Each structure stands twice: as C-alpha cells, then as structure tokens.
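Let me begin by presenting the structure, written as structure tokens, before commenting on it.
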Amino acid sequence: MTVTPRSGCPINAAVEILGDRWSLVVLRDIMFGDRRHFRTLQRESLEGIASNILASRLRDLVAAGLLTREDVGAGRRATYSLTEPAIQLVPVLAELGWWGLRHRPGSAALQVRARILHEGGPQLWREFQDELRELHLGIPVPSTGGPTVRERFEAEYERASAESPAPDAG
C-alpha cells in the first residue's frame, strides 16, 4: 500500500485506500456486523471473500490506520478494531448505502441499514459513531434509555427477513 497519494487530490487519496473491490466491504462487516476476527469475517462474508484477499485487505487497512490489530497470544485469534478515521466513515457509508438502495437491486433484509441510516440522518450517524467508539476505542457512551442503533438495525433486519425469507446473496 502506498503511503503517499499519487496526487494532492483528496478524492484520489481516499480512493487509493478505499477504492478496491473489498476494503469497504471489510470495513462494513466490522462496523455493522461486529465481525472482528479473520475467520468470522471470511466465514460470514456474503460476498465470499477469499482468505488471501481478506488477509491482504486487513493488512492494508491496518497500514492505512483504519484498523488496529490486537494479537492476544499464540494460538489465539487476533481482534481487529476500527480507529477513529474508520469510524468517521459512517456518513460516507450511509450515503453510499442510500445511493445503492436507490440505484441498485438488493434484498429487503440487506437494505435495512441503509434505510435506517438515511431516515435517521446525521443525528443517527453520530449516535452510531458513538456506539462504535465505545465498542472499538473504549470511550463510554451515556445510555439513552432506548435501543442502540445496532439493536435497531438487528430488529429491523429480523423483521425484514421474516417477511421475505428468500436467501440473500448480497
């Protein structure tokens, strides 16, 4: 992975880190699916990422400062965590998901997060970012007394899955 972008253009600099086929999908799975171990990321990948590609993307995302990798000792699974720059991608992923929802085919169950993020807007994005900061960075979030954003995603996903139980491929 190149540390210095090919040009001074900020769009190019972002695309050099996030513009391949898999990086945003890996970040999505860690961010929204709380899949933080290699085998879980590979086994539960809806898109069927190959182990060598996953290993490469995880290395690249750690090198780019979007993930940290915590080794817990010999024979134990490394845990990947989002960094603050990765957490700040929530609005980007929300907008990307909304674009995909409007312009690409998909399943009702897998479209739930994009719809919730769009309907909740920036306030919901900030709440979700705070939840991610607590989970990945250890920064406590005061309880709102209601369901978390993640719990809302899960409840809506379960509801949508029950309404259309056909298998989803992505």
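The values are calculated or read from the model by the stated rules, or taken from the named source; none is laboratory data. Just so you know, these numbers come straight off a predicted model, no measurement behind them. In this analysis, Cβ positions are derived from the backbone assuming ideal geometry, glycine residues included, and neighbour counts consider all displayed protein chains. When the accessible area is computed, the model is the full protein with side chains, heavy atoms only, and any ligands, DNA or RNA have been set aside. Shrake-Rupley method; radii C 1.70, N 1.55, O 1.52, S 1.80 Å.
Below, the figures for the structure above:
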read-out	value
Those residues of the stretch 101-119 which are in a helix (DSSP H, G or I) and surrounded by 14 or more Cβ atoms within 10 Å (Cβ to Cβ), in sequence order	LEU101, VAL112, ARG113, ALA114, ARG115, ILE116, LEU117, HIS118
Failed item in (1) open to solvent by 70 Å² or more (accessible area, probe 1.4 Å); (2) of a type in the set (A, V, I, L, M, F, W, C); (3) in a loop (DSSP other than H, G, I, E, B), with LEU96 passing the rest	(3)
ARG21 being in contact with a helix residue (DSSP H, G or I) (Cβ under 9 Å, 6 or more places away or on another chain), without any contact (Cβ under 8 Å) to a residue 24 or more places away in the chain and surrounded by fewer than 11 Cβ atoms within 10 Å (Cβ to Cβ)	yes
Some residue of the stretch 3-23 being at pLDDT 95 or above and either closer than 26 Å to GLU131 by Cβ or within 14 Å of the chain's Cα centre (by Cα) (or both)	yes
Inter-residue pairs, beta-carbon under 6 Å, first at pLDDT 95 or above and in the stretch 88-101, second among the aromatic types (Phe, Trp, Tyr) and open to solvent by less than 20 Å² (accessible area, probe 1.4 Å), 6+ apart	VAL90/PHE128
Search result, residues across the stretch 69-85 that are surrounded by 12 or more Cβ atoms within 10 Å (Cβ to Cβ) and either in contact (Cβ under 8 Å) with a residue 40 or more places away in the chain or on the phi > 0 side of the Ramachandran plot (or both)	ARG77, ALA78, THR79, TYR80, SER81, LEU82, THR83, GLU84
Pick from the stretch 111-146, criterion touching a Gly at 6+ places or on another chain (Cβ under 9 Å) and of a type in the set (A, V, I, L, M, F, W, C), ranking: nearest to ASP34 (Cα to Cα)	PHE128
The stretch 7-44, residues that are more than 21 Å from ALA94 (Cβ to Cβ) and touching a Leu at 6+ places or on another chain (Cβ under 7 Å)	PHE38, LEU41, GLN42
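Quick grid of which residues meet (1) within 25 Å of THR40 (Cα to Cα); (2) open to solvent by less than 30 Å² (accessible area, probe 1.4 Å):
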site: ARG59; (1), (2): yes, no
site: VAL90; (1), (2): yes, yes
site: PRO122; (1), (2): no, no
site: ALA162; (1), (2): yes, no
